[in-house]
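To start, the structure under review is shown below, and the notes come after it.
Every number here is computed from the coordinates shown, using simple stated rules; none is lab data. Model, not experiment: these values are computed from the prediction. For neighbour counting, all protein chains shown are included, and Cβ atoms are generated from backbone atoms with ideal geometry for every residue, glycine included.
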Amino acid sequence: MIAPGRVALVTGASGGIGGAIAARLAREGAAVIVHYGRNAEGAEETLRQITGAGGEGTILQADLTDPEACRQCADAAHTWRGRLDIVVNNAGLTRDGLLIRMKDEDWHEIFAINLHATFYLTRAVLREMLRHRWGRIVNISSVVAEVGNPGQANYIAAKAGVIGFTKAVAREVATRGITVNAVSPGYIEAGLTGKLTDAQRARFTEHIPVGRTGRPEEVAAAVAFFAAEDTAYITGQILNVDGGLVMR
């Protein structure tokens, strides 16, 4: 569980996985800042889920590819509750295409939101966590960062960068009561995966040992585990939520 009074920021909380993470952290006891970039309606729905279940939440819009906007996110948390204890770097984007046809802007845009934003926001919130000697940072990567996938060189390279970033920062702050971990979802019923046809879903699931795609709530459970009070001895870890797709 999360101690009463903890404040969490979930980026990209207007989507399926981000919304499920925000709702789960609220149920665990955190007051949650629901961040969104463009999908205001999705953020409002996430907030309704939180408050409808008796939780506390607020909405924050920001362009996380802007370092100054990330600093303002940290300031907004202080204005709202006077602290920020848990950060989930979930916001992400895909621009798929074969490498030989990939445009420069498709490469740079994917890195901007999937990797650079994780760096900007983590840097912005870390100083206060260091001062309090407590913090939980959970980054969202992807199992494709470990196995590859045709047509996603930009996305995969960025998500692999998230894994390396997670381990580096975990080592930097390990003695200060701050843990930094990552969750790598597999095929989850959210976003584009949720729109698969039955035939497409069958092709995917035949390679998944548990025989099905995952649910956003199952990713949220892994994030809540890393965000808990009693997981202080777990840091620099990558947890795959993939039904056994990637076994190491």
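The phi torsions of segment 224-240, fed into the Karplus equation with coefficients 6.51, -1.76 and 1.60 and a -60° offset, translate into couplings of 4, 4, 5, 7, 6, 5, 9, 10, 5, 9, 10, 8, x, 9, 10, 10, 7 Hz, rounded to whole numbers, with Gly and Pro shown as x.
Among beta bridges identified by DSSP and lying wholly in segment 7-237, the antiparallel ones come to about 0 percent.
The alpha-carbon atoms of the chain, seen along their principal axes, cover 48, 37, 36 angstrom, with the largest extent given first.
Mean-square fluctuations from a GNM of the chain, with a 10 angstrom spring cutoff on Cα atoms, peak among 115, 84, 98 at 98. In segment 46-144, the alpha-carbon atoms span a convex hull of 130 Å³ per residue.
Estimated from the Cβ-Cβ distance and a Förster radius of 30 angstrom, the FRET efficiency linking residue 247 and residue 72 is about 0.10. Each peptide among 103-114, 178-189 gets the average number of other Cβ atoms lying within 10 Å of its residues, and from highest to lowest they stand as 178-189, 103-114.
Between the listed residues 80, 111, 54, the Cα displaced farthest toward the positive end of the dipole of segment 42-115, a dipole computed from Cβ unit charges relative to the Cα centre, is found at 54.
Expected output is a single nm value to one decimal: the length gained when fully extending between residue 176 and residue 133, i.e. 0.36 nm times separation in residues minus the C-alpha distance. What is it? Mind dumping the intermediate values first?
On the way: separation 43, 0.36 × 43 = 15.48 nm, distance 0.50 nm.
Extending this stretch completely gives an extra 15.0 nm.
The stretch between residue 53 and residue 199 holds 48.9 nm of extra length on full extension. This uses 0.36 nm per residue minus the Cα-Cα distance.
For segment 7-237, what is the charge dipole size about the Cα centre, in debye to the nearest 20, if Lys and Arg each add +1 at the Cβ and Asp and Glu each add -1 at the Cβ?
On the way: 24 positive and 25 negative charges, 90 e Å.
Rounded to the nearest 20 debye, it is 440 debye.
Between the amide H of residue 241 and those of 184, 186, distances stay under 5 Å, these residues lying 5 or more places away or on another chain, with hydrogens modeled in the peptide plane.
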